[in-house]
Amino acid sequence: ETIVLVFGTTGSLGSRITELKQKVIAENPRQYGLAVPHTTRARKSHEREGVEYHFISRAAFEADIQNGKFIEFGEYKENLYGTSLESIHKVLNQNKVCLVDVQPEAMKTLRTAEFKPFIIFVRPRICDGQRKYFGSSSSLSVGVTDDDLQEMRQSAEKMDECYGHWVDYVLVKEDPVSALEELQNVLERVQTEPQWVPVCWVRR
């Protein structure tokens, strides 16, 4: 069973990466599933429990942290967010490829013989001195500012330096349509072609 870790640079690209993964699942829900994160924030009117998030109390979240249930967690605007091992196993138990949306630091926990992840780094193509747009067909198309570009560039360089040796594939994002097509092709190859893994993952 394969877990595919898909992560991008920090900044405004993050929500676009989430939408990219959701499109993959929407087109083939029997084959792919997303590890649903937990949060302590209030549920919005359009959200459904167990779909966008698992909504739990802060006390329950903090208890789960103490019990080691999260592979990663953090706080944003006084609300806690995290991804649990249980949410990953739930997808795998359905015989689906699990798309996990995590920060790079969580790879230390997931990069094991138990999960055998295939790691994809999604990064934007950034041209020096040029403001880049990401297409015009969806919410992915919102233009990014020069400050966004600088933040993306610095974040991508940091990720390359710190985690590049763990990355199996780098997807350079040109626009939503081509990025989705390339991601789907990569995911298909992961399931049909042999992959290199550390020898310790296959030793008995």
Exercise. Residues being touching a Leu at 6+ places or on another chain (Cβ under 7 Å) and assigned to a strand (DSSP E or B): count how many of those fall in the range 59-95.
Key: 2
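Quick one: which of 48, 58, 43, 30 is over 22 Å from residue 122 (Cβ atoms) and in contact with an Asp or Glu (Cβ under 8 Å, 6 or more places away or on another chain)? Even if it seems obvious, please write down each step before you answer.
Details: 48 fails: in contact with an Asp or Glu (Cβ under 8 Å, 6 or more places away or on another chain); 58 fails: in contact with an Asp or Glu (Cβ under 8 Å, 6 or more places away or on another chain); 30 fails: in contact with an Asp or Glu (Cβ under 8 Å, 6 or more places away or on another chain).
Every option except 43 fails the conditions.
Mind listing whichever residues of the range 67-88 are within 16 Å of the chain's Cα centre (by Cα) and surrounded by 15 or more Cβ atoms within 10 Å (Cβ to Cβ)?
Of all residues in the range 67-88, those within 16 Å of the chain's Cα centre (by Cα) come to 70-74, 81-85, 87-88.
Once the filter is applied, which keeps residues that are within 16 Å of the chain's Cα centre (by Cα) and surrounded by 15 or more Cβ atoms within 10 Å (Cβ to Cβ), the range 67-88 yields 70, 71, 72, 73, 81, 82, 83, 84, 85, 87, 88.
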Quiz prompt | Those residues of the range 24-61 which are surrounded by 18 or more Cβ atoms within 10 Å (Cβ to Cβ) and touching a residue at least 60 places away in the same chain (Cβ under 8 Å), in sequence order | solution = 24, 32, 33, 34, 35, 37
Quiz item: Are any of the residues in the range 50-62 modelled with pLDDT of 90 or more, within 20 Å of residue 106 (Cβ to Cβ), in contact with a Ser or Thr (Cβ under 9 Å, 6 or more places away or on another chain) and among the basic types (Lys, Arg)?
Solution: no
Quiz prompt | Only listed residue being surrounded by 12 or more Cβ atoms within 10 Å (Cβ to Cβ) and within 17 Å of the chain's Cα centre (by Cα), chosen from 177, 167, 197 | solution = 167
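For residue 1, state whether it is out of contact with any His (no Cβ under 6 Å at 6 or more places or on another chain) and either modelled with pLDDT under 90 or assigned to a loop (DSSP other than H, G, I, E, B) (or both).
Answer is yes for this residue.
I'm trying to understand the selection: among the residues of the range 89-102, which are over 11 Å from residue 5 (Cα atoms) and crowded, with 20+ Cβ neighbours inside 10 Å?
Across the range 89-102, the qualifying residue is only 91.
Check 155, 178 and return the single one that is modelled with pLDDT of 75 or more, over 17 Å from residue 5 (Cα atoms), among the polar types (S, T, N, Q) and assigned to a helix (DSSP H, G or I). Break it down into steps so the answer makes sense when it comes.
Details: 155 fails: modelled with pLDDT of 75 or more.
Every option except 178 fails the conditions.
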Exercise. Search the range 160-188 for residues that are of a type in the set (Gly, Ala, Ser) and pair each with any residue that is not in a strand (DSSP E or B) when their beta-carbon atoms are under 7 Å apart and the residues are at least 6 apart or on different chains.
Key: 179/20
Quiz item: residue 139 fails exactly one of the following numbered conditions: (1) modelled with pLDDT of 70 or more; (2) over 20 Å from residue 198 (Cα atoms); (3) of a type in the set (Ser, Thr, Tyr). What is the number of that condition?
Solution: (1)
Exercise. Quick one: residue 105 ticks every box in (1) in contact with a strand residue (DSSP E or B) (Cβ under 9 Å, 6 or more places away or on another chain); (2) surrounded by fewer than 15 Cβ atoms within 10 Å (Cβ to Cβ); (3) over 20 Å from residue 163 (Cβ atoms); (4) not polar (S, T, N, Q) except a single one, so which number is it?
Key: (3)
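The values are calculated or read from the model by the stated rules, or taken from the named source; none is laboratory data. A quick note: this is a predicted structure, and the numbers were derived from the prediction, not measured. Because the Cβ atoms are built from the backbone with ideal geometry, glycine has one as well, and the counts that use them run over all protein chains shown.
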